[in-house]
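Single-structure report; data block below.
Every read-out reported here was derived from the displayed coordinates using simple, explicitly stated rules and does not represent laboratory data. Computed from a prediction, not measured in an experiment: that's the story for all the values here. Methodologically, a virtual Cβ is constructed for each residue, glycine included, from the backbone with ideal geometry; neighbour enumeration extends over all protein chains shown.
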Amino acid sequence: MRKKLKKLLTNDNIFLELEADSKETIIEELIDRLVGCGKIKNREAVMKAVLEREKKMSTGMENGIAIPHGKTDSVNQLVVAIARKKEGVDFNSIDKQSSTIFVMTISPLSRSGPHLQFLAEVSKLLKDSRAREKFLTAKTTEEVIKIFI
Amino acid sequence: MYRRCVFMVLFLVLPVVSASASGQESGRDMGHLMTILVLQLAVIVIAVRFFGLIFSRYLKQSKVLGELVAGMVIGPYALGSFSLPFLNQPLFPRIESVLPVSTELYGLAVVASIVLLFLAGLETDLPTFLKFSRIGSLVGIGGVILSFFLGDMIAVLLLPGVDSFMSPVALFLGTLSTATSVGITARILSEKRKLSSPEGVTILAGAVLDDVLGIIILAVVVGISKIGASGGEIYWGKIGIIALKAFGFWLICTVLGILFAKKISKKLKWFKSNEAIAGVVLGLALFLAGLAEMAGLAMIIGAYIVGLSFSQTDMANELQERLQGVYQFLVPVFFCVMGMMVNFSALKGIIVFGIIYTACAILGKIVGCGIPAYFSGFNLKGSFRIGAGMLPRGEVTLIVAGIGLSAGAIGQDMFGIAIMTLLIASIIAPPLLIKSFEGGTGLRDKKLIKEEEKGFCLKIKFPSVYITDFIRSRILQAFQNEDFFVHRLNLDRLIYHIKKENICITLVQENKGIELTTDSDNKQLANLIVAEEILELKDLLEGVEKLESPDGMWEKLTAGLFGEEKE
């Protein structure tokens with residue numbers, strides 16, 4: 001899985017400072033940035049998939065981590081993004097803390113692949129407070145990649 | 001599908017049987033010969049089911065033991081020897097040769113043993129073996145060496161006329177006490193959920209090496225007995241050549257098999273039919289079995305190597321499932337035919353020897369496997385568990401005994417002793433194993449204890465069995481969507497192995513509860529997958545609530561069920 005992480009995480013899909021300041025706008029900004037770098041073609045379909053999943057249950061986890069994700073056939077392979085917002089936003093998280101680290105995955109509905117395994121792997125790494133600290137203080141995307149690989 | 005597989009095997013077997021029959025029995029009427037064979041098969045197929053059921057349902061024993069006993073009861077030394085009026089002869093006439101059953105029936109048992117060992121190879125958990133190869137190898141080698149030595153020594157000390165460790169009888173008795181059949185142990189451990197415990201994986205890894213060593217020893221012993229039978233002198237140089245040949249054949253074929261099985265399986269996908277692929281792979285197993293025999297080794301070696309090679313491909317589970325029908329039909333016939341060869345009168349004079357030999361075979365495994373386990377970080381309890389887990393005997397013992405009998409290396413008395421050992425060891429192993437797993441940890445090494453404690457278990461209860469069934473099937477599907485291989489371990493219970501690379505998760509459903517066990521490293525993945533599926537369930541229930549009047553729908557669908565049709 002580490003090899004897969006190396007392949008999936010590039011300078012294109014790590015965003016060190018998000019501008020949005022609410023749950024919906026954070027999701028929107030992440031998707032827009034992925035559209036901007038050509039990883040997503042159908043913005044609306046992806047938006048719908050992620051928001052539908054959020055409606056079922058918020059993906060705000062503990063320790064400032066949120067994992068918005070969705071499934072749609074408008075992508076034909078796993079698309080990921082890792083981002084941060086140091087000030088934090090309310091993501092209806094389990095521990096009621098504001099979220100600062102966002103891990104987004106968009107996976108195709110009809111194709112198998114290690115989609116949740118990617119989320120699990122990232123969350124396993126971010127369980128460590130030192131890794132979270134490193135991520136929050138990283139100055140470049142290369143530094144972030146080093147944390148995960 | 002199963003029926004097609006059975007026909008496929010009959011198609012393979014019958015011409016061989018007929019050809020051998022036509023060669024050897026040229027004077028006899030082929031029609032009569034085939035009629036007897038078919039009638040024998042009919043009785044065998046029904047008897048093994050009947051005895052298998054009695055043993056599993058009422059005596060709480062393995063079906064295999066029932067199948068063996070079925071052979072003893074209906075065979076040429078018991079009921080089978082009575083003349084039947086409509087045949088004017090017994091159904092299982094005693095053949096005055098080294099084997100008391102007909103060549104045709106024995107031929108079928110040989111094909112069954114090839115299928116059995118091919119599937120045993122296919123089920124081999126090579127990654128687990130490699131992961132625990134150090135401790136597994138020590139346990140396997142320890143058990144094999146001590147039990148071989150004890151078996152051989154007892155023969156030299158107690159059997160009249162056997163005065164050398166190299167005598168074929170002593171060598172066969174040594175080989176007979178080495179083979180472990182881990183099937184019974186695996187079933188008990190999976191039921192007790194101890195399959196992935198340190199003791200469980202050590203037993204499974206040890207059993208892989210045990211099989212390989214047992215088969216290589218068999219090849220050497222067969223070679224030595226062949227020289228002995230042809231009047232040749234046996235000296236260490238010759239033994240070395242035979243051992244080298246056996247090990248060389250094993251090593252070269254296994255390495256080539258593992259290297260090429262993935263490529264072959266890719267090519268086989270050209271058939272676009274899993275049934276055709278299963279047929280071709282079975283054909284390969286039969287082919288290599290023949291080659292092994294031509295090389296002076298035992299047929300089962302070839303079959304086992306093909307199975308082991310394909311166990312590493314992504315079609316391993318599919319092959320197992322497709323060949324289940326062949327297995328279900330043929331393998332009980334094999335055990336039954338082996339049971340038929342037990343001559344009770346030959347056992348009379350050597351029953352005390354049999355008991356001593358059995359005790360030594362049991363001791364050889366418990367001590368031989370226990371000592372290396374103790375020095376690898378297990379405490380006395382854990383070492384005993386491992387020894388007890390390696391106790392059950394099965395197919396390899398029977399095949400070795402059958403080969404020894406057909407080669408004339410052992411007589412019917414020693415064949416009977418082999419079956420006696422198998423029955424006693426397999427009957428006492430399950431309660432011993434269950435009892436031994438009571439109580440605390442079997443580990444002594446603090447590092448290993450820490451690792452054991454690292455395990456993660458997720459238990460969830462649901463309000464009804466229907467919901468639990470739904471969630472279980474969704475969880476398994478979700479793992480498959482993540483490219484995991486899901487394999488149901490036990491047909492009687494809902495136990496699944498979920499595997500991908502070095503991740504192994506066990507899922508057990510018990511009534512309204514689901515339990516996932518894995519390394520704590522995989523906790524996040526297990527939690528995420530289950531959480532997502534519970535959300536799906538929530539979605540489904542909300543969807544049901546949104547149904548437009550379920551009561552109205554029910555009324556609409558059932559209206560007129562009992563009413564008269566209007567013209």
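In a reduced charge model with +1 at each Lys and Arg Cβ and -1 at each Asp and Glu Cβ, the range B:456-546 shows a dipole moment near 260 debye about its Cα centre. Both the radius of gyration and Dmax for the range B:456-546 are 13.0, 43 Å, in that order, over alpha-carbon atoms. Above 52 Å lies some portion of the pair distances; for the protein assembly as shown, what is it as a whole percent of all C-alpha pairs? That fraction is 25 percent. Computed about the Cα centre, the dipole magnitude for the protein assembly as shown is approximately 1300 debye when only Lys and Arg (+1) and Asp and Glu (-1) carry charge, each at its Cβ.
Here, P(r) means the percent of Cα pairs in each 5 Å bin from 0 to the largest distance; for the range B:304-439 it is 2, 9, 14, 15, 15, 15, 15, 10, 4, 1, 0. Among B:Thr506, B:Thr558, A:Thr59, A:Thr25, sorting on how many other beta-carbon atoms sit within 10 Å of each Cβ, with the fewest leading, yields B:Thr558, A:Thr25, B:Thr506, A:Thr59.
Every helix of 4 or more DSSP H residues in chain A counts as -39500 (n - 2.57), and over all residues that averages to -13000 deg cm²/dmol at 222 nm. Legend: P(r) of the range A:63-149 from all alpha carbon pair distances, 10 Å bins from 0, whole percents, reading 16, 46, 31, 7.
What's log10 of I(q)/I(0) for the range B:103-436 at q = 0.06, 0.08, 0.11, 0.12 Å⁻¹, Debye sum over Cα points only, no solvent? Once normalised to I(0) and log-transformed, intensities are -0.19, -0.35, -0.68, -0.82. In this structure, the residue pairs whose Cα-Cα separation is over 26 Å, taken from B:Lys381/B:Lys446; A:Lys71/A:Lys134; B:Lys269/B:Lys523; A:Lys124/B:Lys269; A:Lys127/B:Lys192, are A:Lys71/A:Lys134; B:Lys269/B:Lys523; A:Lys124/B:Lys269; A:Lys127/B:Lys192.
What is the pair-distance distribution P(r) of chain B, computed from all Cα-Cα distances in 20 Å bins starting at 0, with each bin given as a whole percent? Once binned at 20 Å, the Cα pair distances of chain B give 19, 51, 24, 6, 0. Inter-chain Cβ neighbour count for A:110-122, averaged per residue, equals 5 (cutoff 10 Å, partner chain atoms only).
The magnitude of the dipole of chain B, with charges of +1 and -1 set on the Cβ of Lys/Arg and Asp/Glu and taken from the Cα centre, is near 1060 debye. Among the GluC sites (Glu not before Pro) in the range B:29-138, those located in a DSSP loop and surrounded by at most 11 other Cβ atoms within 10 Å of their own Cβ are B:Glu96. For a straight C-alpha distance cut-off of 17 angstrom, the aspartates and glutamates reachable from A:Lys139 (same-chain residues fewer than eight places away being disregarded) are A:Asp12, A:Glu17, A:Glu19, A:Glu87. DSSP assigns beta bridges within the protein assembly as shown; of those with both partners inside it, close to 85 percent run antiparallel. Normalised by residue count, chain A yields a Cα convex hull volume of 98 Å³ per residue. Put in order of Cβ neighbour count within 10 Å, fewest first, the listed residues B:His32, B:His487 become B:His32, B:His487. Within the same chain, aspartates and glutamates fewer than 8 places from B:Lys499 are excluded, and of the rest, those with a Cα less than 18 Å from its Cα are A:Glu121, B:Glu123, B:Asp125, B:Asp314, B:Glu318, B:Glu321, B:Glu482, B:Asp483, B:Glu515, B:Asp519, B:Asp521. In chain B, the DSSP-assigned H stretches of four residues or longer account for a calculated mean residue ellipticity at 222 nm of -23000 deg cm²/dmol, using -39500 (n - 2.57) per stretch and the full residue count as denominator.
Sort the following peptides by mean Cβ neighbour count (other Cβ atoms within 10 Å, averaged over residues), highest first: B:141-149, B:402-410, B:461-469. Present the calculation step by step, with values, prior to reporting the outcome.
On the way: B:141-149: 23.6, B:402-410: 20.8, B:461-469: 13.2.
Highest mean packing first, the order is B:141-149, B:402-410, B:461-469.
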